[in-house]
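Just below is one structure, and these are the notes that go with it.
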Amino acid sequence: MKKYKKMSIMNVPVDEAQLISLLLKLMNAENTLEVGVFTGYSLLATALALPPEGKVIAIDVDKEAYHTGLPFIQKAGVENKIKFIQSDATSALDNLINDNKEGSFDFAFVDADKGKYIKYHEQLLKLVKVGGIIGYDNTLWFGTVAMSEEELTEKEEYVKEGRKPLLELNSFLANDPRIESIIVSIGDGLTLCRRL
Ligand SMILES: C[S@@+](CC[C@H](N)C(=O)[O-])C[C@H]1O[C@@H](n2cnc3c(N)ncnc32)[C@H](O)[C@@H]1O
């Protein structure tokens, strides 16, 4: 537990979890995907929002982090709605595509390797049904995606480097005719894409 305690910044903030929860209920979502679980806070919010027969497939390379948060998921009585897959997300998503799961999911939430978001997007467009939603976390990247190079000079190196894939993603999504999208200014930025 201690190992992950100082990393709680990795979890989405409470208001973002509540927004995701409300969205899932509004959509009557039953089958969802989560890419990037960590200790399972957004996963818990998702599992709680799904109906009793709902299922979320949760993918992360780090099983230990998932097991750290698992007692809370069990206490909430929603472990039965979760299928955890310990894997690199790209191969887990490919496996789902190869298992004929195309068009099976109402919703996907992506909060893992930012450099792979565009790759995940191509896979998720296959897996999420028409009218379904794909959410990408951290798309404002500490607000830096809207900053000039001059404003960035004061920022730490990981912030400067980390914004590059998000700038690329934001521009890619804004020009993708297969989706309708919006960046919601909540947490570190949440882009919601509706598959057309
Ligand atoms: C920001 S945390 C997820 C936080 C979680 N969504 C929440 O709000 O509670 C990112 C997670 O992505 C996982 N991750 C990073 N790269 C990955 C990859 N290529 N495949 C699968 N998981 C990955 C990390 O192990 C980490 O647990």
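Coordinate-derived values only; no laboratory data. Quick caveat, the model's predicted, so the values are computed rather than measured. Please note: Cβ atoms are built from the backbone with ideal geometry, for glycine as well, and neighbour counts cover all protein chains shown.
Out of 66, 41, which single residue is closer than 23 Å to residue 96 by Cα and without any contact (Cβ under 8 Å) to a residue 40 or more places away in the chain? Break it down into steps so the answer makes sense when it comes.
Working: 41 fails: closer than 23 Å to residue 96 by Cα.
None of the others qualify; the one that does is 66.
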**All positions within segment 118-133 that are over 14 Å from residue 60 (Cβ atoms), touching a strand residue (DSSP E or B) at 6+ places or on another chain (Cβ under 6 Å) and within 14 Å of the ligand (Cβ to nearest atom)** = 124
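For (1) under 15 Å from the mean Cα position of the chain (by Cα); (2) within 21 Å of residue 12 (Cβ to Cβ); (3) crowded, with 16+ Cβ neighbours inside 10 Å, each residue gets a yes or a no:
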site: 101; (1), (2), (3): no, no, yes
site: 122; (1), (2), (3): yes, no, no
site: 144; (1), (2), (3): no, yes, yes
site: 151; (1), (2), (3): no, no, no
**Request:** Working only within segment 25-61, note down all residues that are part of a loop (DSSP other than H, G, I, E, B), in contact with a Ser or Thr (Cβ under 8 Å, 6 or more places away or on another chain), among the hydrophobic types (A, V, I, L, M, F, W, C) and over 18 Å from residue 11 (Cβ atoms).
**Result:** 50
**Request:** Scan (1) under 19 Å from residue 35 (Cα atoms); (2) in contact with a helix residue (DSSP H, G or I) (Cβ under 8 Å, 6 or more places away or on another chain); (3) in a helix (DSSP H, G or I) for the single condition residue 122 breaks and write down its number.
**Result:** (2)
**Item:** Residue ID - surrounded by the most Cβ atoms within 10 Å (Cβ to Cβ), chosen from residues in segment 78-93 that are outside any loop (DSSP other than H, G, I, E, B) and within 12 Å of the ligand (Cβ to nearest atom)
**Value:** 93
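Let's see how each residue does on (1) among the aromatic types (Phe, Trp, Tyr); (2) closer than 29 Å to residue 165 by Cα; (3) free of Cβ contacts under 8 Å to residues at least 12 places away in the same chain:
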{"site": "37", "(1), (2), (3)": "no, yes, no"}
{"site": "56", "(1), (2), (3)": "no, yes, no"}
{"site": "91", "(1), (2), (3)": "no, yes, yes"}
{"site": "98", "(1), (2), (3)": "no, yes, yes"}
{"site": "101", "(1), (2), (3)": "no, yes, no"}
{"site": "107", "(1), (2), (3)": "yes, yes, no"}
{"site": "116", "(1), (2), (3)": "no, yes, no"}
{"site": "122", "(1), (2), (3)": "no, yes, yes"}
{"site": "127", "(1), (2), (3)": "no, yes, no"}
**Message:** Filter segment 132-169 down to the residues that are in contact with a Leu (Cβ under 9 Å, 6 or more places away or on another chain) and either farther than 27 Å from residue 22 by Cα or not in a strand (DSSP E or B) (or both) and list them by number.
**Reply:** 138, 139, 140, 141, 144, 145, 146, 159, 160, 163, 166
**Every residue from segment 94-119 that is among the small types (Gly, Ala, Ser) and part of a helix (DSSP H, G or I)** = 115
**Request:** Please tell me if residue 136 is buried (at least 20 other Cβ atoms within 10 Å of the Cβ), in contact (Cβ under 8 Å) with a residue 60 or more places away in the chain and hydroxyl-bearing (Ser, Thr, Tyr).
**Result:** no
